[in-house]
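**Q** If you scroll down you'll find the structure; I have some questions about it.
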Amino acid sequence: MPTRDINDVLRAHDDGLLAIPGVVGVYVGLMDHGKTPCLTVMVTRRTSEVERKIPDTIEGYPVCIEESGVIRPLRKGGRFSLGVRSVLRSRRSRRTAPRSPAFPTIQA
């Protein structure tokens, strides 16, 4: 049974997990059945060697492995790629009712 919040556990162990060759990301996720929180480790390629280096549990939380492939930034400078902007624009153009003040429009 875990004693600490899963986000605190992730912060405490993310550097160690990211130091494992082949690991490209870690995040708090849910098990396949969608109810139990877990630490998800993203790997470029799921191999038996990588699986041996990643623990089954960390501080009582299960660890899931997800094969994500190589992760690359879309564009330098932290801006949206043109694809994301076009999706945001197309969503805005489909609106039929004005947005309420509680849900302001995101400026891309």
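Each reported figure results from applying straightforward, stated rules to the coordinates on display, with no laboratory input. Quick caveat: nothing in here was measured; it's all calculated off a predicted structure. Cβ sites come from the backbone with ideal geometry, for glycine too, and all protein chains shown count toward neighbours.
**Q** Taking the Cα-to-Cβ direction at residue 1 and at residue 19 and moving 7 Å from each Cα, how far apart do the two end points lie in nm?
**A** Using points 7 Å along Cα→Cβ, the separation is 3.2 nm.
**Q** If each residue of separation counts as 0.36 nm, what is the full-extension length gain between residue 66 and residue 49 once their alpha-carbon separation is subtracted?
**A** On the way: separation 17, 0.36 × 17 = 6.12 nm, distance 1.44 nm.
Taking 0.36 nm per residue and subtracting the Cα distance, the gain is 4.7 nm.
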